[in-house]
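Throughout, read-outs are computed from the coordinates displayed, never taken from laboratory work. All of these numbers come straight from a predicted model, not from anything done at the bench. Here the Cβ positions follow ideal geometry from the backbone for every residue, glycine too, while neighbour counts run over all protein chains shown.
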């Protein structure tokens, strides 16, 4: 998925972040905002290296440890344990990052589900290439997130 597509999935991530924060008795708005803003985190924490204005690589290889689900699960557990503002922030970042990983999963490059250096792909060639079906996937994430948020007891703020 492209950066634009990952940002679009932030709508669904925000609903999921609010739902998780609500269920963990954490500040929902913080969880939602952190999740929405974190859907590109696994890519930018690879620390890209630039020379003469051109990207020449990264300090951390793409789709290795930064795309490893156990890392983000550990951050979510920390957030729930920590509580308060910091906990909601950590939980939201974990959910936004996990949303990123799920959006990348159908790509031919694959995701390191079990070990950070071994990527697994769906099928022989993945389901589709980066950039394909992004509006549809964003809609799926938003719908799923809204349903989960509603089931978790989410309410639209009223005046």
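Some notes on this structure:
- Gaussian network model of the chain, Cα within-10 Å springs - most flexible of 65, 140, 148: 140
- Shape category assigned to segment 47-102 from the gyration tensor of Cα positions, a/c cut at 1.5: prolate
- Sorting 93, 11 from the fewest to the most surrounding beta carbons within 10 angstrom yields 11, 93.
- The chain: most fluctuating residue of 96, 126, 79 per GNM, C-alpha cutoff 10 Å: 126
- Separation of segment 1-80 and segment 110-155, taken as the distance between their Cα centroids, equals 13 angstrom.
- For the chain, calculated [θ]222 nm from helices alone, where every DSSP H run of n ≥ 4 adds -39500 (n - 2.57): -17000 deg cm²/dmol
- Between 72, 149, 44, the residue with the greatest mean-square fluctuation in the GNM of the chain (Cα pairs under 10 Å linked by springs) is 44.
- Set of segment 112-156 residues, backbone N closer than 19 Å to the point 7 Å along the Cα-Cβ line of residue 25: 152-155
- Ordering 81, 6, 67 from the fewest to the most neighbouring beta carbons within 10 Å gives 81, 6, 67.
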